[in-house]
Amino acid sequence: MNFRKVSDRELRCSVSVEEIRAKGLEVSDLLKRSEKTYEFFEYLVQEGQEETGFEKSGPMSVEGIFLNGMLELIFRSVDEEEADDWEDREVEEAFYDAPAPSLPDIDPESGEALKLVQVRFASAGLLYRFCQLFPFADKVPSSLYQADGQYVLILDMDDCTKSEIGAFCMLANEYGTESTYGDLQASQVMEHGRHICDDAVYRIHEMKPVEQ
């Protein structure tokens, strides 16, 4: 893992999937507001303090995104005024903000909006794990297709919050082979791919393993 002190209030960290797993966690675990997640982020901050001289003071927020197989994290100290707004929040929630997505730039004058997202999967097993871990499966309309020898999920993310899109991006980076944003690309799959079912994410999310 790599640490860089950006300022007295900001610490950056790059951590690999292997380093995350060495701590007994999977990338998908970091999407959950749990004690294990909180402890892992605390561990990273402590390591960063020792390596860079960064001094933690008060509550911290964290944002992150998967990039080229590395989880890039930004830890920031929170202002006292901001901290006052968090008095009623749980400790884990105050520390962890879901990561921000990496989306292509859109010209605000064009009126273009990114509504549909497609994620491709190399196998049914990867598709299954993605849907099982999807944290808001009942909220997002979705359809499943087969195209070019892969399973393709098309999701309508229009009503999702920034935090929800961030959680989706982390899962797509871990289990999908490719993510594409835009209605035009999705419509090509819908026109030429083989439609399997609608409400795919929710249906697979609700599936129970077959008992042996």
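The values are calculated or read from the model by the stated rules, or taken from the named source; none is laboratory data. It should be emphasised that the depicted structure is a prediction, and the values quoted were computed from it without experimental measurement. Virtual Cβ from ideal backbone geometry, glycine too; neighbours counted across all protein chains shown. These area figures cover heavy atoms from the full protein model, side chains too; ligands, DNA and RNA do not enter into them. Shrake-Rupley method; radii C 1.70, N 1.55, O 1.52, S 1.80 Å.
For the range 117-129: of the residues being buried (at least 22 other Cβ atoms within 10 Å of the Cβ) and in contact (Cβ under 8 Å) with a residue 60 or more places away in the chain, which is farthest from HIS192 (Cα to Cα)? The selected residue is LEU127.
Somewhere in the range 158-175, is a residue in contact (Cβ under 8 Å) with a residue 12 or more places away in the chain, in a strand (DSSP E or B) and out of contact with any Cys (no Cβ under 7 Å at 6 or more places or on another chain)? The answer is no, given that none of the residues of the range 158-175 is in contact (Cβ under 8 Å) with a residue 12 or more places away in the chain, in a strand (DSSP E or B) and out of contact with any Cys (no Cβ under 7 Å at 6 or more places or on another chain). Within the range 1-49, count every residue that is in a loop (DSSP other than H, G, I, E, B) and either open to solvent by 60 Å² or more (accessible area, probe 1.4 Å) or of a type in the set (A, V, I, L, M) (or both). Residues in the range 1-49 being in a loop (DSSP other than H, G, I, E, B) and either open to solvent by 60 Å² or more (accessible area, probe 1.4 Å) or of a type in the set (A, V, I, L, M) (or both): 9 in total.
Screening the range 161-175 for residues that are touching a helix residue (DSSP H, G or I) at 6+ places or on another chain (Cβ under 7 Å) and open to solvent by less than 20 Å² (accessible area, probe 1.4 Å) and picking the one that is nearest to LEU71 (Cα to Cα) gives MET170.
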